[in-house]
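One structure is given below, represented as structure tokens, and several questions about it will come after.
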Amino acid sequence: MENIYDVSKLKWYYVRGIKMEDINVMKHRLVPEHRLVPVEKEEEILSGLHVSKDKLPKVLRSDPVLSQLEAIEGDIKEGRIIEIIRESKTAGKAKVYRLVVDR
Amino acid sequence: MMNKGITKRIGSIKFAYMSPKEIRKLSATKIITPDTYDDDGFPIEMGLMDTHLGVIEPGLRCKTCGGRVDQCSGHFGHIELAMPVIHVGYVKEIKKLLRSSCSECGRVLMEDEERDHYIEELEQLKKIGGDPLDQRALAKEISKAARKNKVCPHCKSEQRKIMLDKPTTFREDNTKLTPKEVRARLERIPDKDLIPLGLNPEVVRPEWMVLSVLLVPPVTVRPSITLESGDRSEDDLTHKLVDILRINQRLRENRDVGSPQLIVEDLLDLLQYHVNTYFDNQTSGIPPARHRSGRTLKTLIQRLKGKEGRFRQNLSGKRVNFSSRTVISPDPWLSINQVGVPKKAARELTVPIRVTPENIDRIKEMVARGPNPTERGKYLPGANYIFRPDGRRIRVTETNAENVAEKIEVGFTVERGLKEGDIVLFNRQPSLHRMSMMAHEVKIVPGKTFRLNLAVCPPYNADFDGDEMNLHVLQSEEARAEAKVIMRVQENILSPRFGGPIIGATQDHISGLFFLTHDNPLFSRREVVSIFSNLETENFPPSVEVEGEKMWYGKDIFSHFLPDDLNLEFRSSICETCKECKEKECPEDAYVSIEDGQLKTGTIDERGIGAFQGEIIDKIARDMGTDKAREFIDKITTISLGVITLRGFTTSIKDEDVPRAAMRQIDEVLDKAAGKVKRLAEEYVEGNLEQMPGRTVEETLEVRAMQELGKARDNAGKIASKYLGLGNNVVVMARTGARASMLNLSQMAAALGQQAIRGERPSRGYEERTLSHFKKGSLGAEARGFVKSSYKEGLQPVEYFFHSMAGREGLVDTAVRTSRSGYMQRRLIHAMEDLMVYDDGSVKNTDDTVIQFEFGEDGIDPMRSKSGKAVDMDDIVTEFKATKRRGGS
Ligand SMILES: [Mg+2]
Ligand SMILES: [Zn+2]
Ligand SMILES: [Zn+2]
Ligand SMILES: [Zn+2]
């Protein structure tokens with residue numbers, strides 16, 4: 001997908017006239033790093049967190065970040081896990097996980 | 001597994017509408033007459049007080065179940081309405097259904113394929129666990145989609161626009177739809193077409209939203225009360241039901257005799273009004289029904305809704321025994337762990353004691369003393385009640401005490417009054433954080449007020465201008481143990497709110513320690529004795545020999561109370577943050593250095609021992625334990641008060657005196673600023689004012705004027721401050737952080753400065769000016785709320801007016817802020833009340849969904865952090881220096 005507007009370089013931008021698909025939200029300075037967790041590694045991560053998959057917080061498949069990720073990783077099915085690495089005021093970097101759900 | 005005391009467990013709750021059939025089945029009797037009691041005062045059959053509906057008078061028996069007052073909880077009845085009426089609670093739902101279904105054939109206004117697609121989508125949503133709110137949102141979308149079809153795809157009839165006249169009248173184009181017609185339309189919607197509209201046809205039919213039968217609540221829900229005069233006073237609900245029955249009867253008669261349409265319609269509208277107000281007496285669009293006295297009636301919704309409603313008042317709200325409330329007053333001789341309880345309260349509040357073979361003799365002795373024993377005029381705890389194992393309760397009185405004491409056996413429980421050392425909970429509203437309720441040890445005091453140490457005022461946010469506090473006596477051994485370990489005041493010195501001490505010195509405590517330590521004064525023997533006289537100690541700090549006299553240094557006296565292994569360095573409040581800090585050589589004595597428990601340099605003030613910032617309290621509580629911290633706070637505040645009592649501490653208007661020359665200088669600064677603003681205004685009028693980027697010319701003028709005048713006030717304050725040194729008590733308070741600020745002082749001594757309304761110079765009032773005696777369009781300093789006078793000089797009338805404007809805004813703001821933040825707090829607590837931190841550091845809610853993978857992302861307990869930071873580097877450096885100094889490695 002061609003990105004017409006590189007958000008990381010824009011200080012101000014106007015929503016009017018710009019289609020959502022043209023914006024790569026992952027490049028926005030307020031959007032943390034998202035990664036798709038490989039299926040093989042899911043078990044390891046879940047046991048490390050002492051939770052089952054359904055108890056993870058959710059992320060919608062329609063989330064703009066996911067459509068960006070799909071451009072790289074291919075189709076992301078419901079039930080996959082996304083790893084988000086956030087800048088944290090308290091911990092420097094914090095890893096959190098989200099379960100992909102439909103809608 | 002069944003738990004003890006639980007006989008039935010709720011599996012699930014389903015909400016649905018009540019069908020007329022169900023209402024009739026539930027009903028114990030039909031109600032037809034609006035009369036309640038006959039001439040003899042007996043309930044009339046088929047009236048609103050029919051004894052089939054339960055009984056409220058002792059002696060009578062329920063005709064449905066045969067139970068007496070305390071056995072029968074009442075039964076529902078019903079009223080057959082002469083004509084159907086709309087249920088106010090469902091008008092929105094009815095509107096949605098009418099709009100998205102065909103007015104002729106009743107089908108949903110969409111093709112079958114589309115409908116089935118939506119049903120599938122809803123099914124899918126339910127499967128992935130969409131909650132009822134999500135389902136409702138989707139159903140709403142579907143009905144919106146249906147509404148777009150102006151022609152029915154099934155019978156091809158054209159759809160007209162349906163409007164709702166609040167509260168309950170439906171119109172199609174301009175013809176009124178009667179409730180009967182509405183019901184007929186709802187009846188026509190087939191079951192399957194209800195699913196996409198969000199209704200479950202297995203339990204609900206939409207026509208039930210139009211009432212043809214009205215459920216009448218049992219009399220126990222709306223009891224009548226007999227007044228002293230013998231008159232009966234009925235409940236508001238009964239009044240409303242009487243109204244409904246009267247109109248219902250008239251409507252039926254008129255309809256049956258074939259009265260003119262107009263009369264029947266009017267009566268129907270009236271019936272609708274009464275039914276509406278019976279459900280909700282605050283529906284917008286109709287006047288609320290009133291009692292004869294003019295009071296608005298409290299009907300069904302009003303009983304449930306809001307702060308005083310059933311949910312918040314009776315179900316979420318809990319009332320307790322063994323508690324008391326009174327005014328609080330300060331007592332500096334109490335420990336922070338203690339609370340002073342007046343004798344009167346201590347006798348009334350009780351602790352249950354189980355009688356065991358070990359304590360039976362002591363208890364017998366205590367009970368024999370009666371309920372109000374004293375020993376040489378001093379308070380002794382007495383016993384108020386004894387409980388036998390069979391549950392019987394015996395009150396101990398002056399006369400029966402000895403007899404009762406004899407009868408006490410092992411296994412009895414005795415309720416004794418409070419004694420010193422008992423653990424109680426102490427609380428001040430608003431309980432905004434966990435330190436708003438802490439455990440204290442009881443100390444019996446004279447008078448009628450609860451007393452507390454001044455160092456515990458900050459966590460409670462208490463002062464003594466009439467504040468009241470609550471005290472709760474713990475009733476079980478487990479509760480007392482738990483309270484002592486986790487709720488005791490000393491365990492709460494460090495606050496989880498900001499990772500520092502919240503308990504510590506305030507006001508005079510801080511001023512006192514300033515006088516004790518600043519520039520290390522010498523104290524004579526007499527003075528030291530006076531300072532130490534409130535402390536029970538035989539230990540005194542080392543003295544020095546001055547001109548043959550034994551003298552004591554202030555810093556030595558302070559060090560006397562520091563733990564021996566304390567090492568700490570920080571800057572005092574009075575530090576002026578010089579460009580280059582000379583640290584231990586600070587000429588202001590503002591750099592605190594404590595080496596192995598000795599205060600070497602520096603002044604102790606708010607940064608040392610204050611609540612919220614006290615470094616020393618923080619360090620002791622963190623490194624040496626809460627016992628040491630409590631002891632330190634108790635002793636050092638006592639010493640501080642000794643010092644300030646000895647020296648005396650007062651302030652008068654003299655403290656705002658500034659030399660004449662300085663006053664002239666201040667006037668000059670202010671006049672110059674006013675002149676500058678005048679010039680700016682002229683430039684603006686001439687159009688020569690250079691616009692600031694991103695601002696209009698008007699805004700530029702305002703910003704620059706505010707800047708100029710702000711600077712002028714600061715400079716005026718600075719000039720005044722030059723003549724106000726630490727010899728001035730107000731300056732001492734402001735600089736040490738004990739009370740007030742240098743700004744307050746300069747407003748008293750130099751000038752009040754610019755008054756602001758919503759952060760801007762006042763600009764409204766009269767046409768193009770703020771007050772009538774200014775020229776139109778005047779933009780100068782005086783015309784826009786600049787106050788040149790100081791509080792000491794007194795304000796000019798115009799200045800006073802502007803000051804009042806700003807003062808009013810301040811009051812309104814605080815009022816609005818507290819109410820808003822209170823509501824915000826309620827919502828936050830509600831959202832987070834059952835989250836829990838697990839031992840792996842994760843935060844989960846009640847269905848085990850992860851909220852945070854690691855508490856606060858770093859897993860740090862904020863209470864044990866240093867201002868939120870996990871590691872305190874300054875402390876590590878200081879400790880390292882100390883180790884090196886001791887010659888360690
Ligand atoms: Mg108060
Ligand atoms: Zn009964
Ligand atoms: Zn139709
Ligand atoms: Zn300094």
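The values are calculated or read from the model by the stated rules, or taken from the named source; none is laboratory data. Here the structure is a predicted model, which means the values were calculated and not measured. Note: ideal-geometry Cβ built from the backbone for every residue, glycine included; neighbour counts use all protein chains shown. SASA here: full protein model, heavy atoms, side chains in, ligands and nucleic acids out. Shrake-Rupley method; radii C 1.70, N 1.55, O 1.52, S 1.80 Å.
Going 7 Å from the Cα of B:Arg820 in the Cα-to-Cβ direction, what parts of the stretch B:750-770 have a backbone nitrogen less than 18 Å from that spot?
So the set is B:757-760.
Can you tell me the FRET efficiency between B:Tyr723 and B:Tyr800 if r is taken as the Cβ-Cβ distance and R0 is 35 Å, rounded to the nearest 0.05? Walk me through the numbers on the way to the answer.
Values: r = 26 Å, r/R0 = 0.75.
The computed FRET efficiency comes out at 0.85.
Also, quick follow-up: How do B:Arg369, B:Arg817, B:Arg183, B:Arg758 stack up against each other in accessible area, from largest to smallest, with a 1.4 angstrom probe?
Details: B:Arg369 85, B:Arg817 145, B:Arg183 55, B:Arg758 205 Å².
Result, largest first: B:Arg758, B:Arg817, B:Arg369, B:Arg183.
Let me ask you something else. Could you work out [θ]222 nm for chain B from helices alone, using -39500 (n - 2.57) per DSSP H run of at least four and dividing by all its residues? Round to the nearest 500 deg cm²/dmol. Don't jump to the answer; show the numbers that get you there.
Values: 26 runs with 317 residues, N = 889.
The helix-only estimate for chain B comes to -11000 deg cm²/dmol at 222 nm.
I'd like the carbon and sulfur percentage of the solvent accessible area for the stretch B:85-214, probe radius 1.4 Å, heavy atoms only, ligands and nucleic acids excluded. Intermediate values should be presented prior to the final figure.
Working: 3260 of 6700 Å².
Looking at the stretch B:85-214 in its full context, I get 49 percent from C and S.
Within 10 Å of each Cβ of B:849-858, how many other protein chain Cβ atoms are there on average? Working shown, then result.
Working: counts 6, 10, 1, 3, 9, 7, 1, 5, 10, 6.
That works out to 6 on average.
Could you tally up the Lys pairs in the stretch B:323-498 with alpha carbons closer than 21 Å? Skip any pair fewer than 8 positions apart unless they're on separate chains.
Lysine pair count for the stretch B:323-498: 18.
Oh, and also: What are the GluC sites (Glu not before Pro) within the stretch B:294-392 that DSSP puts in a loop, where the Cβ has at most 14 other Cβ atoms within 10 Å? Intermediate values should be presented prior to the final figure.
Working: sites: B:Glu308, B:Glu348, B:Glu358, B:Glu365, B:Glu375; in loops: B:Glu308, B:Glu358.
The qualifying sites are B:Glu308, B:Glu358.
I need two numbers for the stretch B:503-575: Rg to one decimal and Dmax as a whole number, Cα atoms only, in Å.
Just the Cα atoms of the stretch B:503-575 yield Rg and Dmax of 13.4, 42 Å.
May I pose another question? Return the average number of partner chain Cβ atoms within 10 angstrom of each residue Cβ along peptide A:90-100. Write out the running numbers ahead of the final one.
Working: counts 12, 7, 2, 1, 6, 3, 5, 2, 1, 1, 0.
Per residue, the average neighbour count from other chains is 4.
If you keep only loop residues by DSSP, which trypsin sites (Lys or Arg not before Pro) in the stretch B:413-488 have at most 12 other Cβ atoms within 10 Å of their Cβ?
Values: sites: B:Arg416, B:Lys419, B:Arg428, B:Arg434, B:Lys443, B:Lys448, B:Arg451, B:Arg480, B:Lys484, B:Arg488; in loops: B:Lys419, B:Arg428, B:Lys448.
Listed in order of number, the matching sites are B:Lys448.
Measuring from centroid to centroid over Cα atoms, what is the spacing of the stretch B:389-464 and the stretch B:480-504 in Å?
The stretch B:389-464 and the stretch B:480-504 have Cα centres spaced 21 Å from each other.
Counting only the backbone N, which residues of the stretch B:190-226 are under 11 Å from the spot 7 Å out from the Cα of B:Lys14 toward its beta-carbon?
So the set is B:200-204.
Could you tell me the distance between the Cα centroids of the stretch B:59-77 and the stretch B:609-646, to the nearest Å?
Measuring centre to centre over Cα atoms gives 65 Å.
Give the B-A buried accessible area in Å², both sides summed, 1.4 Å probe, nearest 100.
Working: alone 49830 and 7680 Å², together 56310 Å².
Summing both sides, the interface buries roughly 1200 Å².
If a paramagnetic tag sat 7 Å from the Cα of B:Arg434 along the Cα-Cβ line, which residues of the stretch B:473-505 would have the backbone N under 17 Å from that point?
It comes to B:479-503, nothing else.
Among rounded, prolate and oblate, which fits chain B when a ≥ b ≥ c are the square roots of the eigenvalues of its C-alpha gyration tensor, a/c under 1.5 means rounded, and a/b larger than b/c means prolate?
Details: a/c = 2.26, a/b = 1.45, b/c = 1.56.
Since a/c reaches 1.5 but b/c is at least a/b, the shape of chain B is classed as oblate.
Follow-up question, since we're still on this one. Would you mind telling me the antiparallel percentage of the DSSP bridges in the protein assembly as shown, rounded to 5? Let's see the in-between values first.
On the way: 83 of 98 bridges.
Antiparallel: roughly 85 percent of the beta bridges in the protein assembly as shown.
To continue, here is another question. Might you list the cysteines of the protein assembly as shown that have no disulfide-compatible partner by the rule of another cysteine's Cβ under 4.7 Å?
B:Cys65, B:Cys457, B:Cys575, B:Cys578, B:Cys581, B:Cys586
Which lysines, if any, have their Cα less than 27 Å from the Cα of B:Lys792, not counting same-chain residues under 8 positions apart?
Qualifying lysines at Cα under 27 Å: B:Lys654, B:Lys672, B:Lys676, B:Lys678, B:Lys711, B:Lys718, B:Lys722.
I would also like to ask the following. For the stretch B:508-647, what ratio Rg/Rh do Cα atoms give with a Kirkwood hydrodynamic radius?
Values: Rg = 14.5 Å, Rh = 15.2 Å.
Across the stretch B:508-647, the Cα-based Rg/Rh ratio is 0.95.
Pairs of Cα atoms under 8 Å, at least six residues apart: use those to get the relative contact order of chain B, whole percent.
Worked out over chain B, it gives 8 percent.
Longer than 32 Å from Cα to Cα, which of B:Lys127/B:Lys161; B:Lys844/B:Lys869; B:Lys844/B:Lys866; B:Lys96/B:Lys305 are they? Say none if no pair is. Spell out each step's value before the answer.
Working: B:Lys127/B:Lys161 36 Å; B:Lys844/B:Lys869 24 Å; B:Lys844/B:Lys866 26 Å; B:Lys96/B:Lys305 25 Å.
Pairs exceeding the cut-off: B:Lys127/B:Lys161.
Still on this model: When the solvent-accessible surface of protein heavy atoms is calculated with a 1.4 angstrom probe, in what order do B:Met83, B:Met435 fall, highest first?
Largest to smallest exposure gives the sequence B:Met83, B:Met435.
Can you return the aspartates and glutamates within cross-link range of B:Lys307? Criterion is Cα-Cα under 20 Å, with same-chain partners fewer than 8 residues away left out.
Partners within reach: B:Asp236, B:Asp280, B:Glu833.
Would you calculate the separation in nanometres between label points at B:Leu215 and B:Arg885, each defined as 7 Å from the Cα along the Cα-to-beta-carbon direction?
So the label points at B:Leu215 and B:Arg885 sit 7.8 nm apart.
Sticking with this one: A 30 angstrom limit on the alpha carbon distance is what I want to check against. Which of B:Lys126/B:Lys240; B:Lys95/B:Lys318; B:Lys555/B:Lys628; B:Lys150/B:Lys192 exceed it?
Working: B:Lys126/B:Lys240 41 Å; B:Lys95/B:Lys318 40 Å; B:Lys555/B:Lys628 20 Å; B:Lys150/B:Lys192 21 Å.
From B:Lys126/B:Lys240; B:Lys95/B:Lys318; B:Lys555/B:Lys628; B:Lys150/B:Lys192, over 30 Å: B:Lys126/B:Lys240; B:Lys95/B:Lys318.
Mind checking the per residue accessible area of the protein assembly as shown for me, 1.4 Å probe, whole number of Å²?
57 Å²
Using Cα positions and a limit of under 22 Å, work out the lysines in reach of A:Lys41, with same-chain residues fewer than 8 apart set aside.
Leaving aside lysines fewer than 8 places away in the same chain, those within reach of A:Lys41 are A:Lys53, A:Lys55, A:Lys58, A:Lys77, A:Lys93, A:Lys95.
Still on this structure, please answer the following. May I ask you to rank B:Glu482, A:Glu73, A:Glu42 by accessible area, largest first, using a 1.4 Å probe over the protein chains only? Walk me through the numbers before you get to the answer.
Values: B:Glu482 120, A:Glu73 95, A:Glu42 15 Å².
Ranking B:Glu482, A:Glu73, A:Glu42 by accessible area, largest first, yields B:Glu482, A:Glu73, A:Glu42.
What figure, in Å² to the nearest 10, do you get for the accessible area of A:His28 with a 1.4 Å probe and non-protein molecules left out?
That residue has around 40 Å² of solvent-accessible surface.
Something else: Compute the Cα gyration tensor for the stretch B:815-871, then decide on rounded, prolate or oblate, letting a ≥ b ≥ c be the square roots of its eigenvalues: rounded whenever a/c is under 1.5, prolate when a/b is larger than b/c in the other cases, and oblate in all that remain. Let's see the in-between values first.
Working: a/c = 3.74, a/b = 1.36, b/c = 2.76.
Oblate is the answer for the stretch B:815-871, as a/c is 1.5 or above yet b/c matches or exceeds a/b.
With +1 on the Cβ of every Lys and Arg and -1 on the Cβ of every Asp and Glu, and nothing else charged, how large is the dipole of the stretch B:336-405 about its Cα centre, in debye rounded to the nearest 20? Intermediate results must be reported in sequence, preceding the final value.
On the way: 13 positive and 8 negative charges, 43 e Å.
In debye, rounded to 20, the stretch B:336-405 gives about 200.
Which one of B:Gly727, B:Leu709, B:Tyr791 is farthest out on the positive end of the charge dipole of the stretch B:653-798, using unit charges on Cβ (Lys, Arg +1; Asp, Glu -1) and the Cα centre as origin?
The residue sitting most towards the positive pole is B:Gly727.
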